[in-house]
Structure formats: structure tokens, C-alpha cells
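The values are calculated or read from the model by the stated rules, or taken from the named source; none is laboratory data. These numbers come from a predicted model, not from an experiment. Every residue, glycine as well, gets a Cβ built from its backbone with ideal geometry; the counts of neighbours run over all protein chains shown. Side chains are part of the model used for accessible areas, which takes the heavy atoms of the whole protein and leaves out ligands, DNA and RNA. Shrake-Rupley method; radii C 1.70, N 1.55, O 1.52, S 1.80 Å.
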Amino acid sequence: GDGRTDRYHRGLRNLTAALDVGKATFPTPTKILLAGSSGGGFGTVIAAIAVRITWPEVPLVIMNDSGIGVAKEDDKGFIRRLLEEWNAMSLVPSGREDLLANGHLSEFIKWQLDEDPQLRVGAFSFAEDSVVSEVFLEIDPQQFCEVASRETAAINRAFPDRYRYFIAPGDAHTV
């Protein structure tokens, strides 16, 4: 009744339910692949925390397709608002909201890699992904390209053996 669209997200509930089933079905896996495309790719970054809580010592590989954690360069609060809307702020470590301060998830990803030597990440995006840049972020595709290249390269420099990224030419969305 306030003129704004109400949105109800169930992703965290779905994730934890899937992890419960996964844990019951596969109590001692030797390796875990967490994969997602688009919004699901974006979700892999945060979901890795819940996976790690469920299986603390198992090698974890993330394949992030077109949700690499780049957001709005000029709106540093965008990521935080998304996580609040998605009820996922509880997966950000207490007292570490600074991991979201640059407006992207890159510092969060670096923190994860620093804290978890069993984590490996592969990130894929198209350079001018039209869905992410124009529809989701509402930014110029060229700006998205510049920011995506900069942020993913910085993570790779910090963790060259465990973070790989692939920025393909074009404006397509997802592999």
C-alpha cells in the first residue's frame, strides 16, 4: 500500500535447506563445487560462508558465472542494501562491514580467500554484460568493463593460485 513493489527473497532459506539435504546425503564429501550463474553467481560469494559452516574442512571450489561481485562505482552502499534485502547480512562476519565499503564484493572475496586456504574461485563475465550492466546495475557497459577488469585483476594479484577470472569480449550474459 505504500506505492513501492514488495519483493520477498527465499534464496537463503533455499540454500540452507539444500545444505541440510546435502549434509544428510553427503556427510563427508572430498570436494565441493558451488556454482551459480547471474544472480546465482553473485550469490555464490555469500553462500560460500554457509557452505563452509556446513563442511568446514572440505576443499571448496566456486564457479561464478556472470555474478562476479562488481556493483555501482558511485554508490558504495548498493551491495549492503542488496544483502539486507536478501536477508544475507548475517553471513557477513560481525564487525567486518568494512569488507563491503568499496561498493563491490572484491574485498569480501579477498577476505574469504585469506581466511580459507581450501577455497578456490573461478569468475567469468562478459566484458560489457548487458544484463548486469544495463539492467541490474543501470550503468554504462564500458564502465562495467573497466570496473570488472580492475576488481578481478586485484583479487587475482592477491591470490594468483586460487582466484582466476575470465573476462570475455562481448555483451552476452552467462556462459
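Going through the range 4-44 one residue at a time, which ones are out of contact with any strand residue (DSSP E or B) (no Cβ under 7 Å at 6 or more places or on another chain), among the hydroxyl-bearing types (Ser, Thr, Tyr) and at negative phi? Scanning the range 4-44 gives Thr5, Tyr8, Thr16, Thr25, Thr28, Thr30. One residue stands out among those in the range 1-31 that are part of a loop (DSSP other than H, G, I, E, B) and acidic (Asp, Glu): the one that is farthest from Glu85 (Cα to Cα), which is Asp2.
Which residues, counting only those in the range 127-144, are in contact with a Pro (Cβ under 7 Å, 6 or more places away or on another chain) and open to solvent by less than 60 Å² (accessible area, probe 1.4 Å)? Explain how you work it out, then say what you get.
At the first step, the residues of the range 127-144 found to be in contact with a Pro (Cβ under 7 Å, 6 or more places away or on another chain) are 127-128, 130, 133-134.
Scanning the range 127-144 gives Ala127, Ser130, Ser133.
Condition first: without any contact (Cβ under 8 Å) to a residue 40 or more places away in the chain, more than 16 Å from Leu105 (Cβ to Cβ) and among the basic types (Lys, Arg). Can you find one or more residues in the range 9-19 that meet it? Among the residues of the range 9-19, at least one is without any contact (Cβ under 8 Å) to a residue 40 or more places away in the chain, more than 16 Å from Leu105 (Cβ to Cβ) and among the basic types (Lys, Arg), which makes the answer yes. Pairing each residue of the range 69-97 that is of a type in the set (Asp, Glu) with any residue that is not in a loop (DSSP other than H, G, I, E, B), provided the two are 6+ apart or on different chains, yields C-beta distances under 6 Å for Glu73/Val147.
When the range 152-171 is filtered for residues that are touching a residue at least 40 places away in the same chain (Cβ under 8 Å) and open to solvent by 80 Å² or more (accessible area, probe 1.4 Å), the ones remaining, listed by number, are Arg164, Phe166, Pro169, Asp171. Of all the criteria given as (1) modelled with pLDDT of 95 or more; (2) open to solvent by less than 60 Å² (accessible area, probe 1.4 Å), the one not satisfied by Gly11 is (1). Of the set (1) open to solvent by 30 Å² or more (accessible area, probe 1.4 Å); (2) within 23 Å of Trp111 (Cβ to Cβ), all apply to Val147 but (1).
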